[in-house]
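So the structure is just underneath, and the comments pick up after that.
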Ligand SMILES: [Zn+2]
């Protein structure tokens, strides 16, 4: 959830295959927490189908809304359901803006399908260094982060998260990954979120996870993420 747009260039990743101080298949010796033996990237791979399902539903709903705005469009139930959900999270209903949102989800989907080259596990030392000390093994939960635009990093906290939270974190980090302007202004919920305009919402990573979940049957406004780490 920590993101940092600073780019340290190639050098920081030259040893990316050697980051783990112990091989990942050997449990960390100073703890008996079983989760520490689960590889974070493997856990993200397991959560990927749910994230993909949510993104696909977001794209489906957005395209239904876009099609319904054509001059001779027939009434379409998906758009009828979809418009209130788009307005709820992205505060817009114009064709041009819907296309921008749809295009962002398409970009996220492409990277998710190519995640074998983008997802990486980081050990605690690397996670702490990349997040300027924010990540601590026993500190606040930090499931993943985008440090440079080269990769999405998953920490030792990630495997402990619930299945919906895991998938939500993937969408959150993909949103950071596709555009350095993406941040947290507007938040995940509350008055700032509800009163956002389109310009704020389009650059708020939380809107992407929230909308994609809401656009998935049964169309509930469930806000999964680090505020509900166990779900
Ligand atoms: Zn974030």
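Brief remarks follow.
- The sole residue among 88, 129, 99 that is farther than 30 Å from residue 151 by Cβ and assigned to a helix (DSSP H, G or I) is 88.
- The conditions of being surrounded by fewer than 15 Cβ atoms within 10 Å (Cβ to Cβ), closer than 29 Å to residue 209 by Cβ and modelled with pLDDT of 95 or more are not met by residue 40.
- The listed residue being crowded, with 16+ Cβ neighbours inside 10 Å, closer than 30 Å to residue 84 by Cβ and within 14 Å of the ligand (Cβ to nearest atom), out of 167, 175, 201, 185: 175
- No other residue among 196, 168, 156 is assigned to a helix (DSSP H, G or I) and either more than 16 Å from the chain's Cα centre (by Cα) or at pLDDT 95 or above (or both) apart from 168.
- Which listed residue is within 16 Å of the ligand (Cβ to nearest atom), part of a strand (DSSP E or B) and in contact with a strand residue (DSSP E or B) (Cβ under 7 Å, 6 or more places away or on another chain), from 145, 134: 145
- From the list 128, 121, the lone residue that is over 14 Å from the mean Cα position of the chain (by Cα), in contact (Cβ under 8 Å) with a residue 40 or more places away in the chain, more than 16 Å from the ligand (Cβ to nearest atom) and surrounded by fewer than 24 Cβ atoms within 10 Å (Cβ to Cβ) is 121.
- Of all the criteria given as (1) farther than 30 Å from residue 194 by Cβ; (2) over 24 Å from the mean Cα position of the chain (by Cα); (3) modelled with pLDDT of 95 or more, the one not satisfied by residue 95 is (1).
The values are calculated or read from the model by the stated rules, or taken from the named source; none is laboratory data. These numbers come from a predicted model, not from an experiment. All Cβ positions, even for glycine, are placed from backbone atoms using ideal geometry, and neighbour counts span all protein chains on display.
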